[in-house]
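Novice: Quick one: the structure is below, and I'll ask about it shortly.
Just so it is clear, none of the values below were taken in a lab; they were calculated from the coordinates. These numbers come from a predicted model, not from an experiment. Here the Cβ positions follow ideal geometry from the backbone for every residue, glycine too, while neighbour counts run over all protein chains shown.
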């Protein structure tokens, strides 16, 4: 009985400390946050096709806010990003790999950078990390810790975060899923 009482007392005393530590970590991670993203969506280059034959005669490319897709499907296992009001951005991506073609399951020796777009309608302003980017690990993992240029606006009402290739016309490979304040 004494043990149970001592254990219950310990839990009652330590619970507020644990909750305060959790709140402190959350405020550190999200302090001055403009927008956060949890989860990712890989690109499917074609959004629809039209035609009466088994093969589409017309296709619509999956263009997101003016940014072209690549020629092949890409998948992403996970993505987490935090954009601060001063333009600082941290992105952790896992498993960004080709989802089709002869190179399926590889990183295709790609490097990536991040672009934040806040406008829901054109003209779109691209706030990006340097296009020199970071190399994908063989398993598709990557980490971006940089500053967006130009700096993002004070509010970002319709945020889209694109992970883009450093090569060619900088197509997008993956997009972040915005985390709403009430998602906590």
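Novice: Along each of its three principal axes, how wide is the spread of alpha-carbon positions in the stretch 35-183, in whole angstrom units, largest first?
Specialist: Sorted largest first, the three principal extents are 51, 36, 32 Å.
Novice: Stretched out fully, how many nm does the piece from residue 143 to residue 57 gain, at 0.36 nm a residue minus the Cα gap?
Specialist: This chain segment gains 27.0 nm when fully extended.
Novice: On to the next question. Sticking with the crude label model, points 7 Å out along Cα→Cβ, report the distance from residue 157 to residue 44 in nm, one decimal please.
Specialist: In this crude label model, residue 157 to residue 44 measures out at 3.0 nm.
Novice: Answer rounded, prolate or oblate for the stretch 41-125, using the Cα gyration tensor with square roots of eigenvalues a ≥ b ≥ c: rounded when a/c is under 1.5, else prolate when a/b is larger than b/c, else oblate.
Specialist: Oblate shape, in that a/c is at least 1.5 and b/c is the bigger or equal ratio.
Novice: Between residue 78 and residue 122, what is the label-to-label distance in nm when each label sits 7 Å out along the Cα-to-Cβ direction?
Specialist: Between residue 78 and residue 122, the label points sit 3.8 nm apart.
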